[in-house]
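**Q** This is the structure I have questions about; it appears just below.
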Amino acid sequence: MLVLVLVVALLAIATGAGFLGSLAGLGGGVILTPVLVLFFGIPFGEAVGASAISVLATSTTTGAAYVHDRLTDLRIGNFLQIATVPGALIGAAATVLLAHTSYVPFLLIALGVVLLSTVPGTVAMGHEESPPTSGGDRISQRLRLEGNYFDRLQRRVIHYRGQNSNQALGVMFGAGIVAGLFGIGSGVLKVLALDRALRLPMKVSTATSNFMIGVTATAGIGVLFAGNLIVPMIAAPVAIGTTLGAYGGSRLLPFLTNRLIRWVFIGILVILSVETIVRGAVSL
Amino acid sequence: MSEADEALAALPIDPTFPPSAYQRVSTLLRAGVIGFFILATIGMVSGLVRNPSATVGSLVSSNPSAEYGSVGTYLDHLFGLGGNAIILLGIFLMIAVTVGRVVYAAIDFYRGRERILAALSVTVVLLLVVGLFLVGPSIR
């Protein structure tokens with residue numbers, strides 16, 4: 001296949017992935033990696049490298065819009081990075097130890113099962129437009145993990161306060177390890193930590209997750225460069241496409257309901273869970 | 001001023017992250033993404049024009065970025081307007097912007113006298129530097 005054909009196809013697919021990713025708080029890599037491997041014959045490592053760059057592109061693009069609109073919570077996002085970044089470094093280092101072992105398929109299956117197990121709880125919250133504000137826990141009170149955003153759809157200011165901070169830190173650490181292991185932003189776990197554990201409104205969860213995934217991806221990107229897994233002519237169309245898609249999504253998100261965003265997220269969560277289990281099972 | 005801008009201006013202010021802090025981070029990210037977009041597009045077009053008959057197989061088997069063994073070699077390719085080198089410059093720019101926003105956060109927390117969060121953000125910056133310059137190369 002000519003590179004020109006690949007570039008045009010990737011631009012189109014990545015635009016769609018960036019659009020969905022920006023709405024659901026994901027980098028789009030979960031969609032792009034299998035597409036690159038299955039449909040274009042790109043080796044897995046190089047596909048992961050391209051998807052890591054797409055995560056950076058989505059995070060930077062959506063960050064510019066969501067931070068401007070104050071949907072991203074800078075305080076909470078920056079605080080939780082203390083858990084994701086060490087996790088990403090451990091995960092990236094573990095890739096070297098695990099690369100030639102038979103553990104990876106089992107890890108993939110376990111990850112898929114864990115993700116799938118979160119679906120019923122997330123569906124149960126599907127009716128909820130804004131979580132009730134509580135007094136928060138000791139950490140969230142001490143570090144003032146709370147904020148406000150203006151909901152353009154409801155035309156009012158929504159106040160929120162973080163809960164279950166320890167649980168959120170634990171999930172974020174796990175998200176970092178997964179990100180480092182598989183070269184993804186692991187936005188799906190970050191959204192779960194922000195939505196399910198901290199109980200932030202869905203828009204704030206996806207916007208803050210989008211802000212964080214770039215930092216997590218950066219932590220592990222040195223390994224990808226060292227492994228010569230970043231192929232510029234593959235990474236460029238993927239990142240340009242996700243940038244365009246993410247820009248479109250970031251313009252749309254403020255006008256959607258939290259409920260709709262949650263259902264988009266649930267749809268992607270189910271597909272991703274099944275895909276991860278299948279990928280692990282096939283590799284056995 | 002639009003209704004949305006008025007509503008944003010009326011939001012309660014976090015002393016550590018006033019509206020100007022959000023504006024600063026947003027501007028940094030916007031500059032990063034525009035810079036990346038321009039560089040990646042120029043690099044991609046340059047690569048396609050210079051080698052229109054390249055195939056996907058040849059692209060992966062001879063990853064040009066693997067040939068940049070030193071900064072000098074990379075700069076030679078960059079000043080020679082090599083497509084891959086220009087794309088990589090865009091990627092480096094995005095990485096720098098990502099590290100930069102954590103540095104901004106550390107400064108904002110320090111100015112807001114939130115020592116714990118400032119220390120955590122400085123730790124994150126150090127870990128990112130370790131990841132980029134120590135963990136990666138040590139695996140090579």
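The values are calculated or read from the model by the stated rules, or taken from the named source; none is laboratory data. Keep in mind the model is a prediction, meaning the values are calculated, not measured. So basically every Cβ, Gly included, is an ideal-geometry build from the backbone, and we count neighbours across all protein chains shown. Accessible surface areas use protein heavy atoms only, side chains included; no ligands, DNA or RNA. Shrake-Rupley method; radii C 1.70, N 1.55, O 1.52, S 1.80 Å.
**Q** Going through A:Ala52, A:Ala24, A:Ala9, A:Ala65 one at a time, which residue ends up being within 25 Å of B:Thr123 (Cα to Cα) and not aromatic (Phe, Trp, Tyr)?
**A** Details: A:Ala24 fails: within 25 Å of B:Thr123 (Cα to Cα); A:Ala9 fails: within 25 Å of B:Thr123 (Cα to Cα); A:Ala65 fails: within 25 Å of B:Thr123 (Cα to Cα).
Exactly one of A:Ala52, A:Ala24, A:Ala9, A:Ala65 is within 25 Å of B:Thr123 (Cα to Cα) and not aromatic (Phe, Trp, Tyr), namely A:Ala52.
**Q** For A:Gly174, all conditions in the list (1) away from chain B (no Cβ under 11 Å); (2) open to solvent by 10 Å² or more (accessible area, probe 1.4 Å); (3) of a type outside the set (S, T, N, Q); (4) within 18 Å of A:Leu36 (Cβ to Cβ) hold save one; what is the number of the exception?
**A** Failing condition for A:Gly174: (4).
**Q** Can A:Gly91 be described as in a loop (DSSP other than H, G, I, E, B), more than 9 Å from chain B (Cβ to nearest Cβ) and crowded, with 24+ Cβ neighbours inside 10 Å? First the steps, then the outcome.
**A** Values: in a loop (DSSP other than H, G, I, E, B): no; more than 9 Å from chain B (Cβ to nearest Cβ): yes; crowded, with 24+ Cβ neighbours inside 10 Å: yes.
Judged against the criteria, A:Gly91 is not a match.
**Q** Pick out, from the range B:3-61, the helices (runs of 4 or more DSSP H) lying fully within it that include 1 or more residues that are hydroxyl-bearing (Ser, Thr, Tyr), within 7 Å of chain A (Cβ to nearest Cβ) and over 22 Å from A:Val8 (Cβ atoms). Show your work before the answer.
**A** Working: elements: B:3-9, B:19-50, B:56-61.
Output list reads B:19-50.
**Q** Moving to a separate point now. Quick check on A:Ile234: is it open to solvent by less than 10 Å² (accessible area, probe 1.4 Å) and either within 12 Å of chain B (Cβ to nearest Cβ) or within 30 Å of B:Tyr74 (Cβ to Cβ) (or both)? Write out each step before concluding.
**A** Numbers: open to solvent by less than 10 Å² (accessible area, probe 1.4 Å): yes; either within 12 Å of chain B (Cβ to nearest Cβ) or within 30 Å of B:Tyr74 (Cβ to Cβ) (or both): yes.
Yes, satisfied.
**Q** Taking only the range A:1-30 into account, find how many residues are under 16 Å from A:Pro237 (Cα atoms), modelled with pLDDT under 75 and not in a loop (DSSP other than H, G, I, E, B).
**A** The initial filter retains those residues of the range A:1-30 that are under 16 Å from A:Pro237 (Cα atoms), namely A:1-19, A:27-29.
Imposing the further condition that a residue be modelled with pLDDT under 75 reduces the set to A:1, A:27-29.
Those left that are additionally not in a loop (DSSP other than H, G, I, E, B): A:29.
Looking only at that region, the number is 1.
**Q** Being in contact (Cβ under 8 Å) with a residue 60 or more places away in the chain and within 14 Å of chain B (Cβ to nearest Cβ) narrows it down to one of A:Leu192, A:Leu181, A:Leu200, so name that one.
**A** Testing whether each residue is in contact (Cβ under 8 Å) with a residue 60 or more places away in the chain and within 14 Å of chain B (Cβ to nearest Cβ) leaves just A:Leu181.
**Q** Okay, moving on. Given the criteria surrounded by fewer than 19 Cβ atoms within 10 Å (Cβ to Cβ), modelled with pLDDT under 85 and more than 7 Å from every other protein chain (Cβ to nearest Cβ), does B:Gly69 qualify?
**A** Numbers: surrounded by fewer than 19 Cβ atoms within 10 Å (Cβ to Cβ): yes; modelled with pLDDT under 85: yes; more than 7 Å from every other protein chain (Cβ to nearest Cβ): yes.
Taking the combined requirement at face value, the residue satisfies it.
**Q** Return yes or no: is A:Gly185 closer than 30 Å to A:Leu229 by Cα and surrounded by fewer than 17 Cβ atoms within 10 Å (Cβ to Cβ)? Please lay out each step first, then the result.
**A** On the way: closer than 30 Å to A:Leu229 by Cα: yes; surrounded by fewer than 17 Cβ atoms within 10 Å (Cβ to Cβ): no.
In short, no.
**Q** Here's something else I'd like to know. Within the range A:231-284, how many residues are touching an Asp or Glu at 6+ places or on another chain (Cβ under 7 Å), farther than 14 Å from A:Leu32 by Cα and in a helix (DSSP H, G or I)?
**A** Taking the range A:231-284 as the starting set, the residues that turn out to be touching an Asp or Glu at 6+ places or on another chain (Cβ under 7 Å) are A:231, A:234, A:254, A:257-259.
Cutting the leftovers down to farther than 14 Å from A:Leu32 by Cα gives us A:231, A:254, A:257-259.
The next check asks that each one be in a helix (DSSP H, G or I); those that pass are A:254, A:258-259.
Within the range A:231-284, residues that are touching an Asp or Glu at 6+ places or on another chain (Cβ under 7 Å), farther than 14 Å from A:Leu32 by Cα and in a helix (DSSP H, G or I) number 3.
**Q** Could you figure out which of (1) at the interface with another protein chain (Cβ under 9 Å from one of its Cβ atoms); (2) crowded, with 24+ Cβ neighbours inside 10 Å isn't true of A:Tyr247?
**A** (2) is the only condition that A:Tyr247 fails.
**Q** In the range A:19-45, which residues are surrounded by fewer than 23 Cβ atoms within 10 Å (Cβ to Cβ) and farther than 13 Å from A:Leu253 by Cβ?
**A** Kept after step one, since they are surrounded by fewer than 23 Cβ atoms within 10 Å (Cβ to Cβ), are these residues of the range A:19-45: A:19-20, A:34-35, A:37-41, A:43-45.
Selection gives A:Pro34, A:Val35, A:Val37, A:Leu38, A:Phe39, A:Phe40, A:Gly41, A:Pro43, A:Phe44, A:Gly45.
**Q** Which numbered condition in (1) in contact with a helix residue (DSSP H, G or I) (Cβ under 7 Å, 6 or more places away or on another chain); (2) surrounded by fewer than 24 Cβ atoms within 10 Å (Cβ to Cβ) is the only one that A:Pro254 fails?
**A** (1)
**Q** Is the range A:257-264 home to any residue that is under 28 Å from A:Ile158 (Cβ atoms), open to solvent by less than 30 Å² (accessible area, probe 1.4 Å) and of a type outside the set (A, V, I, L, M, F, W, C)? If you could, list the steps in order and put the result at the bottom.
**A** Of the residues in the range A:257-264, the ones under 28 Å from A:Ile158 (Cβ atoms) are A:257-264.
Now restrict to residues that are open to solvent by less than 30 Å² (accessible area, probe 1.4 Å): A:258, A:261-262.
Now restrict to residues that are of a type outside the set (A, V, I, L, M, F, W, C): A:258, A:262.
Yes: one or more hits.
**Q** Could you please find all residues in the range B:110-124 being aliphatic (A, V, I, L, M) and facing chain A (nearest Cβ under 9 Å)? Can you show your working first?
**A** So in the range B:110-124, the residues aliphatic (A, V, I, L, M) come out as B:116-120, B:122, B:124.
Within the range B:110-124, B:Ile116, B:Leu117, B:Leu120, B:Val124 qualify.
**Q** Of all residues in the range B:98-109, which are open to solvent by 10 Å² or more (accessible area, probe 1.4 Å) and either at the interface with chain A (Cβ under 7 Å from one of its Cβ atoms) or among the β-branched types (Val, Ile, Thr) (or both)?
**A** B:Val99, B:Val103, B:Ile107
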